[in-house]
Amino acid sequence: TYVVTDNCIKCKYMDCVEVCPVDCFYEGENMLVIHPDECIDCGVCEPECPAEAIKPDTEPSLETWLKLNADYARSWPNITQKKDAPSDAKDWDGVAGKLEAHFS
Ligand code: SF4
Ligand code: F3S
């Protein structure tokens, strides 16, 4: 599966939603997650994310993010259409420690 990681938080560009063939993104207030049981590993979302927040779970040290994606995909609503990114998305691109400071 692919997973959404920290740099999505408060960037939330949502370009990923438009390209996913199986609509397996789920929307929280500050970020999206991927449902690991629904993702077919096609990889098309990875290069579409302007924040480079989407990674294959074969990369090391993604256990925390894999669990977070799996957990929240069960409770957050499915999102199938791209919305406008937050107006300050660019200000948050690359900021460190977003999980601790702003995840909700
Ligand atoms: Fe959707 Fe493919 Fe990305 Fe999985 S890898 S979330 S199926 S676009
Ligand atoms: Fe987040 Fe990137 Fe999608 S910032 S909403 S994973 S395009």
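The values are calculated or read from the model by the stated rules, or taken from the named source; none is laboratory data. Bear in mind that the values here come from a model prediction, so they are computed numbers and not experimental data. Cβ atoms come from the backbone with ideal geometry, glycine included; neighbour counts cover every protein chain shown. Calculation scope for accessible area: heavy atoms of the full protein, side chains included, ligands and nucleic acids excluded. Shrake-Rupley method; radii C 1.70, N 1.55, O 1.52, S 1.80 Å.
Annotations
- Scanning the stretch 18-43 for residues that are under 29 Å from residue 91 (Cβ atoms) and more than 10 Å from ligand 1 (Cβ to nearest atom) yields 26, 27, 28, 29, 30, 31.
- Candidate set: the stretch 1-13, residues that are touching an Asp or Glu at 6+ places or on another chain (Cβ under 8 Å), part of a loop (DSSP other than H, G, I, E, B) and within 24 Å of residue 88 (Cβ to Cβ); chosen: the one least open to solvent (accessible area, probe 1.4 Å): 11
- Some residue of the stretch 81-103 being exposed (fewer than 14 other Cβ atoms within 10 Å of the Cβ), within 14 Å of ligand 1 (Cβ to nearest atom) and free of Cβ contacts under 8 Å to residues at least 60 places away in the same chain: no
- Helices (runs of 4 or more DSSP H) (entirely within the stretch 39-104) containing at least 3 residues that are under 15 Å from the mean Cα position of the chain (by Cα): 63-73, 98-102
- Looking only at the stretch 14-48, and only at residues there that are open to solvent by 50 Å² or more (accessible area, probe 1.4 Å) and under 13 Å from residue 83 (Cβ atoms), the one that is farthest from ligand 2 (Cβ to nearest atom): 29
- Whichever residue in the stretch 18-77 is among the aromatic types (Phe, Trp, Tyr) and in contact with a helix residue (DSSP H, G or I) (Cβ under 7 Å, 6 or more places away or on another chain) and, among such residues, is farthest from residue 102 (Cα to Cα): 25
- Residue satisfying all of: in the stretch 51-73; within 16 Å of ligand 1 (Cβ to nearest atom) and open to solvent by 70 Å² or more (accessible area, probe 1.4 Å); nearest to residue 27 (Cα to Cα) among these: 72
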